[in-house]
Amino acid sequence: MRTRQQAAALIALAIGALALTACTVSGTPKTANSSGLVSTNESTSTSAESSSSLSGVEACSLLSATDIAEYDLINEKAKVQAGDSICSWSLKGKNQGLTIGVQARTGTGDLNFSGRQTERISIGKYSGIRSITPTSLTRCTIFVEVSDTSTIDITTNNPDVDDDTTVVCDRATRLAESIASRLP
């Protein structure tokens, strides 16, 4: 039975990670190829990369040991997708997941939120956007606007709860506040 829960959680995390690739940057859609990697037709300037305050930040390093323990997070998995650091976890004993993405070269103004319910929010000293994606995953993403050209996104999902986003948005918001409190 435990293996079935872990498999379901991994599937939920994979879908959440793929959802991150559905955003568009500067009008150019990012699409996942068969290997799961994301490609665009745009080239990225190395000077833009080096000037970002999030350049080189690893997504897995953004959660504290306290955050990990409080939410009972397990199965940490790090990867790089379209040049962005992404880290995902499962919630122990639950069919739920969490993904954090560091978009060092993409501000929220560059993202396409079509098909999502969005709301402007404050995350500590930062502005942000709460985005709810109406799917079977009951997914909520908090985008922390670190600068005009860099964003941290925290996505939580709970496929066991139909349309109630309260639990997943509350978790994503608290984690975003924790992360934002430690940013320079």
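More than 18 angstrom separation, counting every C-alpha pair in the range 110-159; what % is that?
28
Total Lys pairs in the range 57-184 closer than 26 Å by alpha-carbon, pairs eight or more apart in sequence or interchain only?
Eligible lysine pairs with Cα atoms under 26 Å apart amount to 4.
Read-outs throughout are calculated quantities, based only on the coordinates presented, and are distinct from any laboratory measurement. Not measured: the values here are computed from a predicted model.
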